[in-house]
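Trainee: My questions will all concern the structure given below.
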Amino acid sequence: MKKILKGYKINNKNVSRIYKRDIKNILTNRATLIMMIGLILVPPLYAWFNIRAGWDPYLNTKGISVAIVNLDKGSEFRNVKVNIGDNVVKSLKTNQSIGWTFVSESEAKQGIKYGKYYASLTMPKDFSKDLLSVVADDTPTKAKLIYTVNEKRNAIAPKLTKKGATALQSEITKNFIQTSSGTILSFLTQIGVELENNKPQLKNLADMMISLDDKMPKIKKSMDNAYGQSILLQKYMLNVKNNLPVMTNGIGDALTIAKTSNGYIEKSKDSLKAASPIIQKDLSTIKSISDTASSSLSELNDLRPSNNAVIKEVLVKTRDKYGDAVQTIDNVLSLNRSLNNFLNSTAINTLISNLSDARDEMMTQQTNVNAMINTVDRGNQVVTSDINTAKKAADKSSNSISNIMGDFKTIIDPKIDNAMQNTKELSTNTVNMLQNIQNDMPLINSTLGQTNSQINSSIKSLNTVRNNFPKAAEYLHTNTQKLRGLTDDKKLNEIINMLKKDGAKESDFLSNPVAIKQNSIYPIPNYGSAMSPFYTTLAIWVGALLMHSLLSVEVKKFEDGAPISTREKFLGRYFTFLTIAILQTLVTIVGNILLLKTYVVSPIILILFGIYVSIVFLTIIYSFVCILGNIGKALIVVVMVLQISASGGTFPVELLGSFFQFIHPMLPFTYAVGGMRETVAGIIPSVLISHVLTLSKYLVVCFILAFVLQERMNKINSKFIKEFDKSGLAE
């Protein structure tokens, strides 16, 4: 640098003398000092006001007034009145995201027209009817949500209100799908559970009826033989009559068994109701034991290593507690196995399996605790890892028992109750059917009695019996055939499995099949902090531009008449401007952090980078003004305007026109804002270094151009200014 300065014949004393004179004049002249203070404070105020004004605008969207007009008259579906418009209004009254205002249709139109409301949403009178048409009509009609917006009042507000309308539309659609599908699927689930619960009882009944149906051909054959052999009619009819009491007794016995079973089922149902609280209490006791064991094991680490006697006492109590828990689980298992022998329930099988697993875990834990007791008995210390493992096992057992308790209360207990209810209904139906069959038996017996007493009319009487008997056989056979199909029907099993799916989960999936999971790589808590890199960069540029508007780059001669070269003037005044620019930047950034509390990941690096940006910007503007004068100032304003639009500080550059995308990489704002964003949100060293190096190109090029061209351009500018002064329009 010294060689370069020497080549251009730079007198460093003159440069220092100019700088010191400027600083002295600022500090000793009251008017100049006040102006400098204002010059230093204006750019920070510009940044602070803009950052604070947009601190978190999307948090205040409840101030955006949107009129809600509900004209929905409601509808009716399967004797249920539905008014979706009223439901939407109730939901919006608790929604503070936008300023929902509930008004009449005329008031909404007037308010939209004259700017009282930014937008309006109207639910027409057929809103509910059209929504329900998907299940009520062959040709469904889409419901209309009428959205009216006043785009004249503000450019951004319509975008927010449209987002609110879209969100409301999605919420209505989601609720409608969830409600309708949930109702249908819940109904189908109930049918599937009932079919599965009834199937074992249906099989038992089918076996009994099939056995009776199988005997009917033998009776029919006996009657046919008696009819064909009239000579042996009496003998055969006596045989038939002898068989009928057996059948009657069989039906009577079956009826007695069914009635007895009916009473037994009723008593069993009451017993199950009494057993459920006992099981829940036992499960709660087991969980309490696991929690106590976990708590006791947690205390062992505090007792180590000096209290072996106390440690052993705690371990023995814990082992005994596990023994009590295992015994309690055995009691619960015994009770549930007894229940399952009668109900044959998949839910109880699952409960028994889970309880058995929990019992095995506790047996293992009891063994592990015994091992620790043996360790203490041998005079050794219990290892911390063994205690922690035992505690984790106790916590795991507690969680397992909690899950079993929840499943028993919400799933298993209701299923047992439903199974008993269905079994009772099935038993009652069986009693009624057997009673009807038993009532028909006297008719057959009477017919046979008349046949024996009227030997001469035996053929006629037997024919009468043959005519009546097929109807009874047909009735019995028809019913047994229906029951036969339920024994090994794979299709029915598939239907049951399909219907048993959780209706609530299925309907929730249908209404919202995709869930969005948001990951913030560089989280910034508010909009103001996110915009601070742009407004701070803009304030630094504005501060440098304002400085050149108020202060002159021209340097007066020394009082002693010492000669000053153009480049010495350039450097002397440059350092003065640079000092002011750095002060502007420091006040701006420190004020952002301390006064506005903007979010910054690396405040020190932000301050250093901000000073570097101020040096680059000051060099660019200073060089333009020194070379081109007022024309340079005008060009700097044009560059600033382009940078505000094309730097990507507000909107993503991809959203801008092709021209702005083209000039985006050429602008210093692009790299200044990018570098500040790195220090605010999170630094990637390679990216920050790239921005620093790119900005250095502007610094070096502008400095060299000004250093080389200023003297030559000043001569050209002086001629231009003289010509312009002749017009009489110059200041």
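The values are calculated or read from the model by the stated rules, or taken from the named source; none is laboratory data. Predicted, not measured: the structure shown is a model, and the values here were computed from it. No Cβ is skipped: glycine too gets one built from the backbone with ideal geometry, and neighbour counts run over all protein chains shown.
Trainee: Look at T328 and say whether it is at pLDDT 80 or above and more than 43 Å from the chain's Cα centre (by Cα).
Mentor: When the stated conditions are applied, T328 does not pass them.
Trainee: Right, something else. Count, please, the residues in the stretch 100-133 that happen to be aromatic (F, W, Y), surrounded by fewer than 18 Cβ atoms within 10 Å (Cβ to Cβ) and not in a loop (DSSP other than H, G, I, E, B).
Mentor: Adding up the residues that qualify gives 1.
Condition check ((1) in the same structural domain as I40 (by TED's automatic domain parsing); (2) at pLDDT 90 or above; (3) under 26 Å from S690 (Cβ atoms)) across all residues:
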position	(1), (2), (3)
T536	yes, yes, yes
G543	yes, yes, yes
L551	yes, no, no
V587	yes, yes, no
I607	yes, yes, yes
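Trainee: Could you check the stretch 675-698 and list, in sequence order, the residues that are within 31 Å of the chain's Cα centre (by Cα) and not basic (K, R)?
Mentor: E678, V680, A681, G682, I683, I684
Trainee: Another question, then. State yes or no: is S718 modelled with pLDDT of 85 or more and loosely packed, with under 14 Cβ neighbours inside 10 Å?
Mentor: No: the conditions fail for S718.
Trainee: Would you be able to say whether some residue in the stretch 370-377 is in a helix (DSSP H, G or I), under 40 Å from the mean Cα position of the chain (by Cα) and in the same structural domain as I286 (by TED's automatic domain parsing)?
Mentor: The answer is no; no qualifying residue exists.
Trainee: Pull up the stretch 586-630, narrow it to residues that are among the β-branched types (V, I, T) and free of Cβ contacts under 8 Å to residues at least 60 places away in the same chain, then point me to the one that is surrounded by the most Cβ atoms within 10 Å (Cβ to Cβ).
Mentor: I589
Trainee: So which residues in the stretch 10-20 are more than 15 Å from V553 (Cβ to Cβ) and either assigned to a helix (DSSP H, G or I) or in contact with a strand residue (DSSP E or B) (Cβ under 9 Å, 6 or more places away or on another chain) (or both), if there are any at all?
Mentor: N12, K13, N14, S16, R17, K20
Trainee: I would also like to ask the following. Tell me, please, whether a residue that is part of a loop (DSSP other than H, G, I, E, B), within 15 Å of G85 (Cβ to Cβ) and at pLDDT 65 or above can be found in the stretch 151-166.
Mentor: no
Trainee: Do you know which residues across the stretch 545-561 are over 11 Å from I18 (Cβ atoms) and part of a loop (DSSP other than H, G, I, E, B)?
Mentor: If the condition is that a residue be over 11 Å from I18 (Cβ atoms) and part of a loop (DSSP other than H, G, I, E, B), then L551, S552, V553, E554, E559, D560, G561 are the ones that fit.
Trainee: Here's something else I'd like to know. Kindly indicate the residue of the stretch 327-349 that is among the polar types (S, T, N, Q) and within 20 Å of T285 (Cα to Cα) and also surrounded by the most Cβ atoms within 10 Å (Cβ to Cβ) among those meeting that condition.
Mentor: N336
Trainee: Okay, next question. List pairs: first in the stretch 560-581 and among the aliphatic types (A, V, I, L, M), second at pLDDT below 80, Cβ under 9 Å, 6+ apart or cross-chain?
Mentor: Close Cβ pairs satisfying both conditions: L571/L5; L571/I10; L571/F707.
Trainee: Let me ask something additional. Which residue, of A706, A672, A681, is crowded, with 22+ Cβ neighbours inside 10 Å, modelled with pLDDT under 90 and at negative phi?
Mentor: It is A706.
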